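Report on the structure given below.
No lab work stands behind these numbers, since they all come straight from the coordinates. Keep in mind the model is a prediction, meaning the values are calculated, not measured. When we count neighbours, we look across all protein chains shown, and the Cβ atoms used for this are built from the backbone with ideal geometry, even at glycine.
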2 protein chains.
Amino acid sequence: MKAEIIAVGSELLTPDKTDTNSLFMTARLNEAGFEVHRKTVIGDSAEDIAELVLEALSRSALIVISGGLGPTEDDLTRQAVACALRRPLADDAGLLEVIRRRFASRGLVMPKINERQAQVIEGAEALENLRGTAPGMWIEERNTRIALLPGPPGELQAMFLASVVPRLSTLCSGRRMAHRSVHIVGLTESDVDSRVAQIYMSYPGVRTTILASSAQITLNLSQWLMPGETAGELEELTARIAEALGDTVYSTSGETLEEIVGRMLRESGSSLAVAESCTSGTVAMRITRVPGSSDYFLGGVLCYANEVKKSLCAVPACLLEKHGAVSAEVAEALAQGVRRALNSSIGLSITGIAGPGGGSAEKPVGLVYFGLAGAHGCAHERRIIPGDRESIRERASTYALAYLRRFLLAESRRNLTP
Amino acid sequence: MKAEIIAVGSELLTPDKTDTNSLFMTARLNEAGFEVHRKTVIGDSAEDIAELVLEALSRSALIVISGGLGPTEDDLTRQAVACALRRPLADDAGLLEVIRRRFASRGLVMPKINERQAQVIEGAEALENLRGTAPGMWIEERNTRIALLPGPPGELQAMFLASVVPRLSTLCSGRRMAHRSVHIVGLTESDVDSRVAQIYMSYPGVRTTILASSAQITLNLSQWLMPGETAGELEELTARIAEALGDTVYSTSGETLEEIVGRMLRESGSSLAVAESCTSGTVAMRITRVPGSSDYFLGGVLCYANEVKKSLCAVPACLLEKHGAVSAEVAEALAQGVRRALNSSIGLSITGIAGPGGGSAEKPVGLVYFGLAGAHGCAHERRIIPGDRESIRERASTYALAYLRRFLLAESRRNLTP
């Protein structure tokens with residue numbers, strides 16, 4: 001079953017804004033058995049919208065159109081679709097009352113301009129908007145179904161789940177897409193591909209794509225399933241890939257790196273403190289994205305200036321002078337220092353050169369040291385990270401979390417050894 | 001002049017990935033006088049691509065196609081466009097040599113599979129790829145120009161600037177789009193609109209759109225200019241809007257909030273330290289995004305746990321007991337404490353409830369206090385921020401920077417007063 005998504009709005013054709021509704025809808029459509037074969041963004045022109053809808057009718061079983069249902073002169077989706085289908089638009093008194101009541105419930109009088117939102121295309125079902133004034137529409141035209149949805153993401157998502165998803169389930173006779181993601185850190189895209197290409201190519205029923213972003217590689221695996229069919233092939237492939245890539249795989253269940261590190265800290269009853277220099281809060285921000293992280297995260301020190309490394313993390317001045325702030329010695333001293341200052345069981349540190357200035361032949365931009373201190377002593381790791389300032393910082397935070405994960409993994413194995 | 005952008009790639013039709021190349025290209029196309037009137041994402045199907053190119057030929061003066069120029073079986077853009085134009089594809093010996101040399105320069109032998117990348121559509125000019133192996137193409141077909149560009153953003157952007165932009169300038173007879181952005185913090189979208197709608201509606205030659213994101217409102221103003229015409233109307237409207245909105249406007253020149261705060265700190269010779277509780281590094285991370293921020297940013301304390309508020313920021317235990325960690329008193333004490341601990345001229349603090357847990361009737365999720373301490377004493381601000389955990393933290397960091405900006409503005413005015 002082929003679906004096509006159309007986003008209406010001239011603002012989506014500027015350099016400042018992109019359509020993101022289609023990502024949310026694609027996930028739900030895939031689950032319901034639809035494959036999205038085309039996405040189009042079109043401006044606020046009734047003629048252009050109508051032309052596109054006519055084209056889409058000839059090639060898609062489902063057309064989802066978002067945007068252009070507001071009350072202003074720019075909102076032309078209702079008229080354009082009516083025109084393409086050669087059906088009249090008529091006022092719906094019941095719908096008008098619903099909109100009027102929505103305004104009244106907030107103590108407002110409905111502006112005259114909103115009356116247009118109560119117009120319905122002949123033969124269409126109105127879809128209730130739980131979060132705004134613009135009703136949606138569901139239209140059947142020969143073998144094609146058309147859904148008109150409001151553009152604001154909150155309104156669209158609520159309407160899609162409440163009114164579109166139930167209608168889809170009757171269309172696809174139970175065919176659906178199952179999905180798994182394998183998340184990897186510490187290998188390049190071509191490393192990953194060369195290690196697993198032979199494996200995934202032997203599962204032609206599973207579609208495998210590789211996505212590289214900010215020091216992490218994700219393998220997205222998906223398989224279409226007929227009614228009653230289980231995702232055996234998908235599960236088997238996921239397990240074989242995870243085995244081939246070993247410890248570099250941190251998740252096959254959708255958990256993020258910060259969620260996994262958080263779970264491991266919680267399970268081992270550990271507490272964490274961080275000392276961040278070049279990343280300046282990026283690691284702490286990620287760790288505390290996870291609700292409940294206050295159970296294991298105490299806080300830390302943003303030791304951007306060397307003075308702060310000395311005063312709050314007790315890094316000896318002689319270490320800074322001898323080895324420089326970006327060194328293995330200072331990384332370990334920072335990890336130990338922040339561990340003591342905050343009285344945590346583990347201290348994690350990051351010190352590096354994010355650029356664009358500050359690099360040298362010996363210590364180039366992108367050089368980052370990571371330090372870890374625990375009950376059994378301390379350790380460090382060195383990396384040279386490519387990219388600009390922003391991506392060096394972002395990647396460094398990922399490597400820091402991955403290093404902490406391996407440290408916690410080793411600790412838990414140590415505890416398992418008699 | 002109408003331009004149309006086509007992104008080729010089945011991965012762009014999954015829930016995981018979206019086309020972003022079009023944003024970069026739209027900005028450059030607008031500057032060169034083209035209006036983007038349609039954007040389409042299409043999968044790796046030669047038939048679908050060819051059909052779309054045929055449609056586009058009838059409605060667009062320029063068609064930019066990205067992706068599908070790689071060496072694998074999935075890369076079908078060359079064949080599909082050749083087919084739509086009914087022109088043959090032929091091997092180009094010179095191009096093959098360029099690709100072979102590119103591999104050789106990295107010590108590699110060109111795989112057989114890459115030979116396909118040296119195929120050129122009859123009558124097309126090959127466009128050099130400065131960052132990868134896939135050459136692009138420039139094709140003239142009756143009144144339409146077609147550009148084929150590689151999908152990876154780094155390769156596409158370099159090729160677009162080096163080979164496409166110069167070709168555009170000969171097409172548009174100097175018509176171009178001028179652009180200005182007015183950045184606002186501290187007002188809602190409807191506040192902004194009600195204060196300036198009358199003003200911008202009296203400039204019909206300037207297109208004005210409002211964009212709300214994470215506590216900031218941006219007014220994007222753009223005006224098409226004929227050759228020799230200046231952007232007088234645009235500049236006048238920008239100035240009138242800035243005047244009407246007063247201090248809530250922090251930039252009309254494209255500077256970010258963190259750049260502005262950084263510039264003000266540098267100009268006043270001040271240094272900054274931060275104490276972050278609920279935002280846990282978000283503010284520091286933003287401040288240090290700016291290259292050279294080490295000139296004024298010393299660092300700070302991530303005081304997630306109350307123990308850290310006491311030990312590193314010297315917040316008296318009795319204040320925490322009496323008023324709670326999320327209070328005006330503790331916000332001010334944190335700002336003063338971190339200022340003293342780091343010996344900075346200004347201390348900034350954030351303490352709040354980001355949720356989802358931890359809220360109460362008296363102190364709901366979203367309640368955030370901001371503290372500032374300087375040579376002349378300290379102050380605080382209280383806000384209740386809507387949204388989920390992530391957006392509360394992100395918005396709180398914006399409000400913190402905006403509060404710091406107003407503080408620095410007041411300081412500079414104080415210094416100007418005799």
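Take the alpha carbon gyration tensor of chain A, find the square roots of its eigenvalues, order them as a ≥ b ≥ c, and report rounded if a/c is under 1.5; if not, report prolate when a/b exceeds b/c, else oblate. Prolate, because a/c is 1.5 or more and a/b exceeds b/c.
With θ taken as phi - 60° and the Karplus curve 6.51 cos²θ - 1.76 cosθ + 1.60 applied, the whole-hertz 3J(HN,Hα) list for segment A:107-116 is x, 10, 8, 5, x, 3, 4, 6, 4, 4 Hz, x standing for glycine and proline.
Once you place label points 7 Å from the Cα toward the Cβ at B:Ser213 and B:Ala361, how far apart are they in nm? Distance between label points: 4.0 nm. Amide H contacts under 5 Å for A:Val274: A:Gly299, A:Gly300, A:Val301, A:Leu348, restricted to partners 5 or more places along the chain or on a different chain, H placed in the peptide plane at 1.01 Å from N.
In loop segments of segment B:294-373 as defined by DSSP, the GluC sites (Glu not before Pro) with at most 15 further C-beta atoms inside 10 Å of their C-beta are B:Glu362. Less than 12 Å Cβ to Cβ from B:Ala197, Lys/Arg counted +1 and Asp/Glu -1: what total charge do the surrounding residues give? Local charge sum for B:Ala197: -2. The Stokes-Einstein estimate for segment B:176-251, based on a Kirkwood radius over Cα pairs and taken at 10 °C with 1.306 mPa s viscosity, is a diffusion coefficient of 127 µm²/s. In this Cβ point-charge picture (+1 for Lys and Arg, -1 for Asp and Glu), segment A:102-214 has a dipole of about 220 debye about its Cα centre.
Exposure proxy shown here: for A:Met201, B:Met25, B:Met264, the number of other Cβ atoms within 10 Å sets the order, fewest to most, as A:Met201, B:Met264, B:Met25.
Here segment A:164-188 and segment A:247-273 have alpha carbon centers that stand 25 Å from each other. Rounded if a/c is under 1.5, else prolate if a/b beats b/c, else oblate: with a ≥ b ≥ c from the C-alpha gyration tensor eigenvalues square-rooted, which is segment B:1-72? Oblate.
A Gaussian network model of chain A, with springs between Cα atoms under 10 Å, assigns the largest mean-square fluctuation among A:Gly94, A:Gly67, A:Gly33 to A:Gly94.
Distances between placed amide hydrogens fall under 5 Å for A:Ser213 paired with A:Thr218, all partners being 5 or more residues away or on another chain.
Within segment A:257-416, the ratio Rg/Rh, alpha carbon atoms throughout and Rh by Kirkwood, equals 0.95.
Rounded to the nearest Hz, the phi-derived 3J(HN,Hα) couplings of segment B:312-329 under the Karplus curve 6.51 cos²θ - 1.76 cosθ + 1.60 (θ = phi - 60°) are 9, 10, 6, 6, x, 4, 5, 5, 5, 5, 6, 10, x, 5, 9, 7, 4, 4, where x marks glycine and proline.
In a shell of Cβ-Cβ distance under 13 Å around A:Ala61, excluding A:Ala61 itself, what net charge do Lys and Arg (+1) and Asp and Glu (-1) give? Net of charged neighbours comes to +3. What the Cβ-Cβ distance of B:Ser268 and B:Thr417 gives, at R0 = 22 Å and to the nearest 0.05, is a FRET efficiency of 0.90. In the protein assembly as shown, helices alone account for a calculated mean residue ellipticity at 222 nm of -11500 deg cm²/dmol, with every DSSP H run of four or more residues adding -39,500 (n - 2.57). With axes computed from alpha carbons, what is the tilt in degrees of helix B:93-105 against the longest principal axis of chain B, rounded to the nearest 10 within 0 to 90? Roughly 40 degrees between the two axes.
Look at the stretch B:303-316: the mean tally of other chain Cβ atoms within 10 Å of its residues' Cβ atoms is 4. For A:Leu225, the amide hydrogen comes within under 5 Å of the amide hydrogens of A:Arg176, A:Met177, A:Ala178, counting only partners 5 or more places away or on other chains and with H modelled in the peptide plane. Between helix B:21-31 and chain B, what is the angle of the helix's C-alpha long axis to the longest principal axis, kept within 0 to 90° and rounded to the nearest 10? Roughly 90 degrees, rounded to the nearest 10. Among the GluC sites (Glu not before Pro) in segment A:41-91, those located in a DSSP loop and surrounded by at most 15 other Cβ atoms within 10 Å of their own Cβ are A:Glu73. If the Kirkwood radius is taken over C-alpha pairs of segment B:1-135, then at 4 °C and 1.567 mPa s the Stokes-Einstein diffusion coefficient equals 81 µm²/s. Each 10 Å bin, from zero up to the one with the longest distance, holds this percent of the alpha carbon pairs of the protein assembly as shown: 2, 11, 18, 23, 23, 16, 6, 1, 0.
Taking every alpha-carbon pair under 8 Å whose residues sit at least 6 apart, chain B reaches a relative contact order of 10 percent. Using θ = phi - 60° in the Karplus curve 6.51 cos²θ - 1.76 cosθ + 1.60, the 3J(HN,Hα) couplings for segment B:142-153 round to 6, 8, 10, 9, 10, 10, 9, 10, x, x, x, x Hz; x is entered for Gly and Pro.
For segment B:190-249, the relative contact order works out to 34 percent when only alpha carbon pairs closer than 8 Å and six or more residues apart are counted.
Across segment B:155-290, counting alpha-carbon atoms alone, Rg and Dmax equal 18.8, 56 Å. Here the protein assembly as shown carries DSSP beta bridges of which approximately 65% are antiparallel, counting only pairs with both residues inside.
Shape analysis of segment A:239-305 places it in the prolate category; the axes a ≥ b ≥ c from the Cα gyration tensor give an a/c of at least 1.5, with a/b above b/c. Within segment A:257-416, DSSP assigns beta bridges of which about 60% are antiparallel (rounded to the nearest 5). Once C-alpha pairs closer than 8 Å and six or more residues apart are averaged by separation and normalised to the residue number of segment B:235-337, the relative contact order reads 21 percent. Relative to the longest principal axis of the Cα atoms of chain A, helix A:257-267 runs at roughly 60 degrees. When the charge dipole of chain A is built from unit charges on Cβ atoms (+1 for Lys and Arg, -1 for Asp and Glu) and taken about the Cα centre, the candidate among A:Thr417, A:Leu108, A:Pro364 whose Cα reaches farthest toward its positive end is A:Thr417. All other residues whose Cβ lies under 15 angstrom from that of B:Phe24 are scored, Lys and Arg at +1 and Asp and Glu at -1, for a net of 0. Looking at segment B:13-61, the trypsin sites (Lys or Arg not before Pro) that sit in a DSSP loop and have at most 15 other Cβ atoms within 10 Å of their own Cβ are B:Arg59. Cross-link partners for B:Lys39 among the lysines, with Cα-Cα distance under 21 Å and sequence neighbours closer than 8 places in the same chain left out: A:Lys2, A:Lys17, A:Lys39, B:Lys2, B:Lys17. What you get for segment B:257-416, charging only the Cβ of Lys and Arg (+1) and of Asp and Glu (-1), is a dipole of about 240 debye around the Cα centre. Taking Cα centre as origin and charging only the Cβ of basic (Lys, Arg, +1) and acidic (Asp, Glu, -1) residues, the dipole magnitude of chain A rounds to 1000 debye.
When both bridge partners sit in chain A, DSSP labels roughly 60% of those beta bridges antiparallel.
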